[in-house]
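Chemist: Provided herewith is a single structure, encoded as structure tokens, for subsequent inquiry.
We did not get these values from a lab; they are worked out from the coordinates using the rules stated. Treat the numbers as computed from the prediction; the structure is a model and nothing was measured. Here the Cβ is made from the backbone with ideal geometry for all residues, glycine too, and neighbour counts use every protein chain on show.
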Amino acid sequence: MPKTRPPYPPEFRRQMVELVRAGRNPADLAREFDASSQTIRNWVAQAGLNDGHRSDGLATAERDELNRLRRKNRQLRQERDILAKATAWFARETGTIPSGSSGS
């Protein structure tokens, strides 16, 4: 099972990105600090997306919004399914079949 650790603080990430942009090698920084070189490269790539220097992925704000909308969509689908099952149950209990429209 892989080791897990708490997330790195945002300030530490910013410092690593600045050091790479200043010319330091991510592998050298990985040996010097407690982060893998791939993690540091990922931070640099994400910072490029957030700053608008890259366009091959989602910025952090866009990713957060996408995740929020996916959660909301999942919740709405669950609510719709519950209402559909409740409608079918009430129709069986009362012996009536809903018209399928709201009547408005």
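Chemist: Label points 7 Å out from Cα along the Cβ direction at residue 86 and residue 54: separation in nm?
Modeler: 4.6
Chemist: Okay, next question. Against the longest principal axis of the chain, how steep is helix 60-94, in degrees 0 to 90 to the nearest 10, with axes from Cα atoms?
Modeler: The angle comes out at about 20 degrees.
Chemist: So what is the relative contact order of the stretch 1-57, in percent, for Cα pairs below 8 Å that sit 6 or more residues apart?
Modeler: On the way: 27 pairs, mean separation 14.2, N = 57.
After rounding, I find 25 percent.
Chemist: Right, here's the next one. Rounded to the nearest 0.05, what FRET efficiency do residue 41 and residue 71 have when you use their Cβ-Cβ distance and R0 = 35 Å? Before the final figure, lay out each step's value.
Modeler: On the way: r = 29 Å, r/R0 = 0.82.
According to the calculation, E is roughly 0.75.
Chemist: Quote the FRET efficiency, to the nearest 0.05, computed for residue 15 versus residue 63 with a Förster distance R0 of 25 Å and r equal to the Cβ-Cβ distance.
Modeler: Result of the calculation: an efficiency of 0.70.
Chemist: A further question follows. Among 36, 59, 95, whose Cα lies farthest out toward the positive end of the dipole of the chain, if unit charges sit on the beta carbon of Lys, Arg (+1) and Asp, Glu (-1)?
Modeler: 95
Chemist: State to the nearest 20 debye the size of the charge dipole of the chain about its Cα centre, where the only charges are +1 on K and R beta carbons and -1 on D and E beta carbons.
Modeler: Values: 19 positive and 13 negative charges, 59 e Å.
Rounded to the nearest 20 debye, it is 280 debye.
Chemist: Mind checking the dipole of the stretch 1-57: about its Cα centre, +1 per Lys or Arg Cβ, -1 per Asp or Glu Cβ, Debye to the nearest 20?
Modeler: 120
Chemist: As I understand it, the value is the acute angle between the Cα axis of helix 37-51 and the longest principal axis of the Cα atoms of the chain; what does it come to in degrees, rounded to 10?
Modeler: That works out to roughly 70 degrees.
Chemist: Another one. Taking Cα atoms, how many degrees apart are the long axis of helix 10-21 and the longest axis of the chain, rounded to 10 and kept between 0 and 90?
Modeler: With rounding to tens, the tilt is 50 degrees.
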